[in-house]
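See structure below.
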Amino acid sequence: MEEIEGVNCFSEGRSSSETRPPNPNSSIASAFRQCQRNDPLVLPCRKSLVRHASLQTKMKLSDVSAEDVTEGFQSDFLPKLRSGGCADIGFRSNMEDVYVCVDNFRQGHGLNKHIDGPSAFYGVFDGHGGKHAADFACNHLPKFILEDKDFPVDIERIVASAFLQTDYAFAEACSLNAALASGTTALATLVIGRLLVVANAGDCRAVLCRRGKAIDMSRDHKPGCMKEQRRIEASGGSVYDGYLNGQLNVARAIGDWHMEGMKGKDGGPLSAEPELMTTKLTAEDEFLIIGCDGIWDVFRSQNAVDFARRRLQEHNDPAVCSKDLVDEALKRKSGDNLAVVVVCFQQQPPPNLVAPRSRVHRSFSAEGLKELQSFLDSLAK
């Protein structure tokens, strides 16, 4: 496999590059690069996923067709992508989080014949039990997406398949080198034309800002959430004190093949299958925030959007805005590694939103008119 141009995984703070996974597939051996990352954070279970009325949530992976993609390029609105990311070790002793920003996903891969609009890939990966799974997923997930012969058509099926391929490939790498044993949550975002696709496995989160309103584009996969708990128990697992099998505080992740009772050839309670949400971007969509749970431990979705929006109005720089979010999370005493990516869909900064002043209607009630008439009549006598 060719190395993907422009795909680099980033982290800041302390990093380590001592061990690279042996490749489970010789076709991707030359493509692996060592990543750096930040550590995971824990967020309380969200009881429900807030969906904006205009969002299209497609649960069938085959729902995104060639017509959907083509329509994205024929629309009057096409996003003009700008992005930036930031990561920090925070108060942890090791960095296990990583992010990736690729504004031009098709560059150098002959995809111009398929699409005329933007194509981009963004991801955050929150490692646990070591850094290797996050590094591996950061490097291999976008490759598996690009390798699919149907890309960019049927994009949800392709992305879901890439998550599982990455998981199995990492299992094989671990079988060759047990020192790689670890796990990672993963959130991947693609922009194809004006189609926004978010795939999530774990407790990272993506939040869309639509004219100042925060719209959750992912659901936090905590073991205690009712939907996840039912899936876990149906797969032979259990939830103890909020932890999957009493060991993990996430219900979905890539890796963790070394943990007994989590995964197997026939499945298991820990799933690498992502949940997907898609929407067609409009001129009202301003930016997207994707971050590991260290960010969301100290920010609510709307709070993060309000904060980022103010910063973008000041400097209109998504990279600086990402650093602003990380710095603010540190001020708010987030206890985890921190990684965040901000993707802007417009060239201009977010506009000021001035609420229209409501017109004041003054009127008399029937009873008031009666009393006024009585008063006037008494004056006339």
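The values are calculated or read from the model by the stated rules, or taken from the named source; none is laboratory data. Quick caveat, the model's predicted, so the values are computed rather than measured. Glycine gets a Cβ as well: all are built from the backbone with ideal geometry, and neighbour counts include every protein chain shown.
Evaluate segment 315-329: report whether one residue or more is in contact with a helix residue (DSSP H, G or I) (Cβ under 8 Å, 6 or more places away or on another chain), surrounded by fewer than 20 Cβ atoms within 10 Å (Cβ to Cβ), in contact (Cβ under 8 Å) with a residue 60 or more places away in the chain and outside any loop (DSSP other than H, G, I, E, B). Outline the logic, then answer.
Step one: filter segment 315-329 for residues in contact with a helix residue (DSSP H, G or I) (Cβ under 8 Å, 6 or more places away or on another chain), giving 315, 318, 320-321, 324-326, 328-329.
After this cut, where a residue has to be surrounded by fewer than 20 Cβ atoms within 10 Å (Cβ to Cβ) as well, the list is 315, 320, 328.
This time we only want the ones that are in contact (Cβ under 8 Å) with a residue 60 or more places away in the chain, so: 320.
Okay, now just the ones that are also outside any loop (DSSP other than H, G, I, E, B), so 320.
Looking for residues that are in contact with a helix residue (DSSP H, G or I) (Cβ under 8 Å, 6 or more places away or on another chain), surrounded by fewer than 20 Cβ atoms within 10 Å (Cβ to Cβ), in contact (Cβ under 8 Å) with a residue 60 or more places away in the chain and outside any loop (DSSP other than H, G, I, E, B), one finds at least one in segment 315-329, hence yes.
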Test: Ile215 is of a type in the set (Val, Ile, Thr), at pLDDT 95 or above, buried (at least 21 other Cβ atoms within 10 Å of the Cβ) and touching a Cys at 6+ places or on another chain (Cβ under 8 Å): yes
Contacts under 7 angstrom Cβ, first residue in segment 153-170 being touching a residue at least 12 places away in the same chain (Cβ under 8 Å) and within 17 Å of Thr189 (Cβ to Cβ), partner among the β-branched types (Val, Ile, Thr) and in a helix (DSSP H, G or I), 6 or more apart: Ile158/Ile145; Val159/Ile145; Ala162/Ile145
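Return a yes/no flag: does segment 259-277 have any residue that is within 30 Å of Asp76 (Cα to Cα), at pLDDT 95 or above and buried (at least 23 other Cβ atoms within 10 Å of the Cβ). Quick ask: steps written out before the conclusion?
Restricting attention to segment 259-277, the residues satisfying the condition of being within 30 Å of Asp76 (Cα to Cα) are 275-277.
Next, from what is left, pick out any that are at pLDDT 95 or above: 275-277.
Going one step further and asking which of them are buried (at least 23 other Cβ atoms within 10 Å of the Cβ), we end up with 276-277.
Taking every residue of segment 259-277 in turn, at least one turns out to be within 30 Å of Asp76 (Cα to Cα), at pLDDT 95 or above and buried (at least 23 other Cβ atoms within 10 Å of the Cβ).
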So Arg230, is it loosely packed, with under 15 Cβ neighbours inside 10 Å and more than 30 Å from Gln347 (Cβ to Cβ): yes
Within segment 282-306, considering residues that are out of contact with any Phe, Trp or Tyr (no Cβ under 7 Å at 6 or more places or on another chain) and surrounded by fewer than 17 Cβ atoms within 10 Å (Cβ to Cβ), the one farthest from Phe345 (Cα to Cα): Arg300
Verdict on Asp220 being of a type in the set (Asp, Glu) and surrounded by fewer than 16 Cβ atoms within 10 Å (Cβ to Cβ): no
Residue tally, condition surrounded by fewer than 24 Cβ atoms within 10 Å (Cβ to Cβ) and not in a helix (DSSP H, G or I), over segment 179-188: 1
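Give me the residue from segment 106-145 that is outside any loop (DSSP other than H, G, I, E, B) and closer than 14 Å to Val197 by Cβ and, out of that set, modelled with the lowest pLDDT.
First pass over segment 106-145, keeping only residues outside any loop (DSSP other than H, G, I, E, B): 111-113, 119-128, 132-145.
The next check asks that each one be closer than 14 Å to Val197 by Cβ; those that pass are 119-123, 141-142, 145.
Details: Ser119: 91, Ala120: 95, Phe121: 96, Tyr122: 98, Gly123: 98, Leu141: 97, Pro142: 95, Ile145: 95.
Going through the qualifying residues, I end up with Ser119.
Considering each residue of segment 265-281, count those that are of a type in the set (Ser, Thr, Tyr) and over 27 Å from Cys209 (Cα atoms), and give that number.
Narrowing segment 265-281 to residues of a type in the set (Ser, Thr, Tyr): 271, 278-279.
Going one step further and asking which of them are over 27 Å from Cys209 (Cα atoms), we end up with 271.
Number of matching residues: 1.
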Residue list for segment 194-212, filter: buried (at least 24 other Cβ atoms within 10 Å of the Cβ) and either in contact with a Cys (Cβ under 7 Å, 6 or more places away or on another chain) or at positive phi (or both): Gly202, Cys204
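Residue by residue, here is whether (1) hydrophobic (A, V, I, L, M, F, W, C); (2) closer than 30 Å to Lys333 by Cβ; (3) in contact (Cβ under 8 Å) with a residue 60 or more places away in the chain; (4) in a strand (DSSP E or B) holds:
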{"position": "Asp203", "(1), (2), (3), (4)": "no, yes, yes, no"}
{"position": "Leu208", "(1), (2), (3), (4)": "yes, yes, yes, yes"}
{"position": "Glu233", "(1), (2), (3), (4)": "no, no, no, no"}
{"position": "Trp257", "(1), (2), (3), (4)": "yes, no, yes, no"}
{"position": "Met262", "(1), (2), (3), (4)": "yes, no, no, no"}
{"position": "Gly268", "(1), (2), (3), (4)": "no, no, no, no"}
{"position": "Met277", "(1), (2), (3), (4)": "yes, no, yes, yes"}
{"position": "Leu288", "(1), (2), (3), (4)": "yes, yes, yes, yes"}
Failed criterion for Leu176 (all others in (1) at pLDDT 95 or above; (2) surrounded by 22 or more Cβ atoms within 10 Å (Cβ to Cβ) hold): (2)
